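The values are calculated or read from the model by the stated rules, or taken from the named source; none is laboratory data. Computed from a predicted structure; not experimentally measured. Cβ coordinates were reconstructed from backbone atoms using ideal geometry, including for glycine residues, and neighbour counts include every protein chain displayed. In case anyone asks, the SASA skips ligands and DNA or RNA and just uses the protein heavy atoms, side chains included. Shrake-Rupley method; radii C 1.70, N 1.55, O 1.52, S 1.80 Å.
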Amino acid sequence: SPGKRRAYRRVLSLCDCGDGPVIEERGRVLSVEEGAVWVETVRSSTCGNCAAKAGCGQALLARVGSGARRGFIRALTDRSWQIGDEVFIGIPEDAVVRGALWVYLTPLLGLFAAALLAQALGAAEPMVILAAVSGLIAGFAVVRWHGQRAQRDPQLMPQVLRSAGQAMPLVQEGRLNG
């Protein structure tokens, strides 16, 4: 919809995170360093918005208490932030999709390519299985190599998008941390 596109453009103009939609998360600044901040987020279940909440494992985990876990994320920024500031951090949606494709498809492609090659060369079944496992391991090695290379790409790192409002005091075990 046009309104949704305008909202994405507004977020992107603040972030320079790419050409598509951004996945956002609200958090609180815990630490400040040169060009980045460490942000604490609370990951919560989205079961309130899902039609399958009764038959889903995520809903069960949320009910027993592990649905809201704290996450600590390093986010790039060019602004000055204070500890306790509430911010929105974001990462381009296409970066998440591309990452998932790399992590899931590359090892599977290695497995199938090695197994099919071994079978085409007339190898016995145990050798085809060994080739498939070797292809899977090679696929994981390629994913690791790509991940280490991509780790230095600022377009793939979370970035602070904007302020979320007033600074919140840091509270730990009922005490204010100063």
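Would you check if LEU117 is modelled with pLDDT of 95 or more, in contact with a helix residue (DSSP H, G or I) (Cβ under 9 Å, 6 or more places away or on another chain), of a type in the set (A, V, I, L, M, F, W, C) and open to solvent by 30 Å² or more (accessible area, probe 1.4 Å)?
yes
Being outside any loop (DSSP other than H, G, I, E, B), at pLDDT 60 or above, touching a Pro at 6+ places or on another chain (Cβ under 8 Å) and not acidic (Asp, Glu), is that true of even one residue in segment 82-89?
yes
Determine whether segment 103-113 contains at least one residue that is modelled with pLDDT of 95 or more and of a type in the set (Gly, Ala, Ser).
Yes.
Does GLN148 qualify as being part of a helix (DSSP H, G or I), touching a residue at least 24 places away in the same chain (Cβ under 8 Å) and open to solvent by 50 Å² or more (accessible area, probe 1.4 Å)?
no
Please verify whether GLN155 is touching a Pro at 6+ places or on another chain (Cβ under 8 Å), assigned to a helix (DSSP H, G or I) and at pLDDT below 95, treating the condition exactly as stated.
For GLN155, the condition - touching a Pro at 6+ places or on another chain (Cβ under 8 Å), assigned to a helix (DSSP H, G or I) and at pLDDT below 95 - is met.
Which condition number does VAL96 fail, the rest of (1) among the aliphatic types (A, V, I, L, M); (2) outside any loop (DSSP other than H, G, I, E, B); (3) touching a residue at least 40 places away in the same chain (Cβ under 8 Å); (4) surrounded by 14 or more Cβ atoms within 10 Å (Cβ to Cβ) being met?
(4)
Can you pull out the residues in segment 124-145 that are surrounded by 10 or more Cβ atoms within 10 Å (Cβ to Cβ) and more than 19 Å from PRO107 (Cα to Cα)?
Of everything in segment 124-145, just one residue is surrounded by 10 or more Cβ atoms within 10 Å (Cβ to Cβ) and more than 19 Å from PRO107 (Cα to Cα), namely ALA124.
Which numbered condition trips up GLY110, out of (1) out of contact with any helix residue (DSSP H, G or I) (no Cβ under 6 Å at 6 or more places or on another chain); (2) under 28 Å from ALA141 (Cα atoms)?
Unmet condition: (1).
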